[in-house]
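Just so it is clear, none of the values below were taken in a lab; they were calculated from the coordinates. Quick caveat: nothing in here was measured; it's all calculated off a predicted structure. Virtual Cβ from ideal backbone geometry, glycine too; neighbours counted across all protein chains shown.
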Amino acid sequence: MQEKLLIGTVLKPQGIRGELKIKYYTDAPEDVKKFGRVFIDGEERKILSFRTDKEAVYLGLYGIADRNAAEPLRGKDVYALRADAPAPEKGTYYIVDLIGCKIFTQTGRELGELVKITPAATDVYTLKQGEKEILFPAVRGLFLEISPESGRIVVDEVRFNEVAVL
């Protein structure tokens, strides 16, 4: 398992004091604050201030005192240490742990490898099948088994065929 978890992306500097507007990939925006520190471009930054709105979190980070210092971070990914992360609730997983899993139907037919999950109201999964990419939403009744430990996800074939964009 990876040591660092992707928890967001810097959208832009906010204001003149170096605050960063961040698109968060956690289940709830308050989860970002719980980490206490983040990593951007491999550099550790302590969270000094935190606030949120409906679409983003705003972080004040140690060592970023003004807009000029914040500007080069635009578009950069924000990571946190797995050791700082709360354990996922039963039946939920960190995206990084699912990437690379093989996806099978309940009859054992391999559909391909999970290469990307796009966070949204309903997450969108991208499956690579040879050179072809198949997108499908994470809808109710689709997943029969999720086992990141064994690198295996089992889906209901009928439901998959209903929702997959081939």
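What to note about this one:
- For the stretch 35-43, 3J(HN,Hα) per residue [Karplus equation, 6.51 cos²θ - 1.76 cosθ + 1.60, θ = phi - 60°, Hz, x = Gly/Pro]: 5, x, 8, 9, 10, 10, 6, x, 9
- Across the chain, the relative contact order, built from alpha-carbon pairs under 8 Å that are at least six residues apart, equals 19 percent.
- Computed magnitude of the charge dipole of the stretch 4-84 (debye, nearest 20; Cβ of K, R +1, Cβ of D, E -1): 80 debye
- Ascending count of other beta-carbon atoms within 10 Å, so fewest first, for GLU55, GLU157: GLU55, GLU157
- Computed extension length for GLU113-ARG51: 18.6 nm, one decimal, from 0.36 nm per residue of separation with the Cα-Cα distance subtracted.
- Projecting the Cα atoms of ALA83, GLY36, ILE16 onto the dipole axis of the chain, where Lys and Arg carry +1 and Asp and Glu carry -1 at the beta carbon, places ILE16 farthest toward the positive end.
- For the chain, the antiparallel share of DSSP beta bridges with both residues in that region comes to about 90%.
- Residues whose placed amide H lies under 5 Å from that of ARG152, excluding near-sequence neighbours: LYS102, SER147
- Only helices enter the 222 nm calculation for the chain: every DSSP H run of n ≥ 4 contributes -39,500 (n - 2.57), and dividing by all residues gives -2500 deg cm²/dmol, rounded to 500.
- Here the 3J(HN,Hα) profile of the stretch 62-68, calculated from phi with Karplus coefficients 6.51, -1.76 and 1.60 at θ = phi - 60°, is 4, x, 10, 8, 8, 4, 4 Hz, Gly and Pro shown as x.
- DSSP-defined antiparallel bridges as percent of all bridges, the stretch 95-163, nearest 5: 80 percent
- Whole-Hz ³J(HN,Hα) from phi, Karplus 6.51 cos²θ - 1.76 cosθ + 1.60, for the stretch 11-26, glycine and proline x: 7, 5, x, 10, x, 9, 9, x, 5, 10, 8, 10, 6, 9, 10, 8
- Dipole moment magnitude, nearest 20 debye, the stretch 83-166 about Cα centre, only Lys, Arg, Asp, Glu C-beta charged: 140 debye
- When you restrict to C-alpha pairs under 8 Å that are six or more residues apart and normalise by the size of the stretch 95-163, the relative contact order lands at 30 percent.
- Under a 5 Å amide H cut-off, with hydrogens placed 1.01 Å from N, GLN106 pairs with VAL155, GLU157 among residues at least 5 apart or on other chains.
- Of the labelled figures [x] 17.3, 57; [y] 15.9, 60; [z] 18.1, 57, only one reflects Rg and Dmax of the Cα atoms in Å as derived from the coordinates, namely [z].
- For the options PRO88, PRO119, PRO13, a Gaussian network treatment of the chain with springs between C-alpha atoms closer than 10 Å singles out PRO88 as fluctuating the most.
- The stretch 22-56-the stretch 149-166 distance, computed between alpha-carbon centres (Å): 32 Å
- Lys, Arg +1 and Asp, Glu -1 on Cβ, resulting dipole of the chain about Cα centre, debye, nearest 20: 460 debye
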